[in-house]
1. Within the stretch 116-160, which residues have the backbone N less than 14 Å from the label spot 7 Å out from Glu178 along Cα→beta-carbon, could you tell me?
2. Equivalent-ellipsoid semi-axes (√(5λ), Cα gyration tensor) for the chain, whole Å, largest first?
3. Within 10 Å of each candidate Cβ there may be at most 15 other Cβ atoms; applying that plus a DSSP loop requirement, which chymotrypsin sites (Phe, Trp or Tyr not before Pro) in the stretch 351-398 survive?
4. Can you give the Rg to Rh ratio for the stretch 63-210, taking only C-alpha atoms and Rh from Kirkwood?
5. Per-residue ellipticity at 222 nm for the chain, helices alone: DSSP H runs ≥ 4 residues times -39500 (n - 2.57), over residue total, nearest 500 deg cm²/dmol?
6. Nothing charged except the Cβ atoms of Lys and Arg (+1) and of Asp and Glu (-1): what's the magnitude of the dipole of the chain about its Cα centre? Round to the nearest 20 debye.
7. Using +1 at the C-beta of Lys and Arg and -1 at the C-beta of Asp and Glu, which of Cys264, Gly277, Ala363 has the Cα lying farthest in the positive direction of the dipole of the stretch 263-365?
8. In whole Hz and in residue order, list the ³J(HN,Hα) couplings for the stretch 77-83 that follow from phi through the Karplus curve 6.51 cos²θ - 1.76 cosθ + 1.60, θ = phi - 60°; x for Gly and Pro.
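The values are calculated or read from the model by the stated rules, or taken from the named source; none is laboratory data. Since this is a predicted model, take the numbers as computed values, not measurements. Here the Cβ positions follow ideal geometry from the backbone for every residue, glycine too, while neighbour counts run over all protein chains shown. What goes into the accessible areas is simple: the full protein's heavy atoms, side chains included, and nothing from ligands, DNA or RNA. Shrake-Rupley method; radii C 1.70, N 1.55, O 1.52, S 1.80 Å.
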Amino acid sequence: MPRTTMALTHPLTAPAAVPISELEPDLRPVGEPVCGVRPIEVPLVVLSGERRETLFARPLPGHDDAAHFRAMGPLRALGTLASTRTGFLLEHAPDFRGPVADLCRAAAAQYVQGDAVRFREWFDGRAASLDQGLVRYAGSLPASGAERLMVPLIYLNHMWRQGSPNADAATGPSRMPEPLDSLLGSVAGAVGMIPRFNQIVMTMLAFELDGVPGGAELSHRDVAAVERMRPAFWLNEGDRSELELYRAFYAVEAFGVPLYGWGCHALECAAADDRAGGARALRMVQAVIRHVYMITKRLMPRIDADEFRRIQVTCGWVGDEVTGVASGYQLPFMLMLDSLFHVNYSHPGVIAARANNLRFVPADWKAFFRMIYDVRPALRTWVHESGDGPLAEAYRSCTDLFTLFRNMHRHLGGQVLKGGTTTGRVFDSAAANYEQFMSEMAGLVDDTAAAGDVSHPAAPDSPPAAASRGAGT
């Protein structure tokens, strides 16, 4: 039987731990609307174990995370990377203080004025006035402090290179004035992060919550208060569309928190052939996908297409030696759903984009999601072989809604993305970029829909697709 049998009921109001078998079958909306949608009280599977202190942690020499996670099993492995109440988001509110964070906030106010020459002159002067001992100071920080310092450094690096939010996306490499460039390289090496703007930084690390002081422990109610979320640092200071862009990505992880525990619980039910328990877990997963779908459907139309291109598309670092990207392929929510339901990518463009994006995902996350994909029996295989009607219905309800979510993203995302890409690629024209995005997303929708066919067991993905999710590395 599954190892963990407890869940927190009503995590948005008054959480109490009860055995999973005693959970009420109905999930009800509760409280005031968030982004026009009343939140659903989805219970949280209680995770045991000590979570790692940082998102980016260098693996120990000779340590095989994937083998370690396989030995632990899904739920215990999850507990080392995520928490019951916040999932893969931080357990404590980010706390950004110090000269680098202060400079980043001041730089945003200059950058938004749109004069690259004046901005870089100002930046040069401010960098020269910084304490030259910053690199030594950074070397004394604990891993969590160094990871936190990377956030404003990455924003500063982007603003320096781009010069103005109104300019076309910059190409080629770039080095900040000293001591910032040395500081960035030193901290990036210590933390194990690629020093480029990416979705993990934007969504998982660079947020603040109104009314929650930096460093405070976060509850699920805190992280789900999407309308209280704001970026800790801006690329277009005070812009409403930038705020909605951040919130749209953040909402996926905030309301996706219950997915991880219930997905892992479903896999452990499959291993024990607990069909009733598996159907319950999948109904919870479906509720989570529905929640995320409803919230993001409200938020995405609020993102102005021109502002999106000024902010996110310029972060691609096309032509740089690292080719930084900032795409949703990096988010744990998408990695979990694709792994859990064996969504096997078939479109060459999607395979290439995912491979490029996953370079920015923490190594232990990638190992964990490879383990989820490789767990036997796979959910689809178990459902197929069981012949259990309610279990099959619960499984298909998840893949049907996940397909609908990706269809919605294809339509609304296409309108926002038209004219620019976040996948670090160059296109001949805006029309070609848009056509490629729509083609790739259509392939991804088809692949997701195919994962719902329980008349056949799950099949391994192609070697190129497996390589793009890190298999064999």
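1. 127-136
2. On the way: eigenvalues 267, 116, 93 Å².
Each semi-axis is the square root of five times an eigenvalue, giving 37, 24, 22 Å.
3. Details: sites: Phe360, Trp365, Phe368, Phe369, Tyr373, Trp382, Tyr395; in loops: none.
Loop-located and lightly packed - none at all.
4. Values: Rg = 17.7 Å, Rh = 17.0 Å.
On the Cα set of the stretch 63-210, Rg over Rh gives 1.04.
5. That calculation yields -16000 deg cm²/dmol at 222 nm.
6. Once rounded to the nearest 20, the dipole reads 60 debye.
7. Selected residue: Gly277.
8. 5, 4, x, 7, 10, 9, 10
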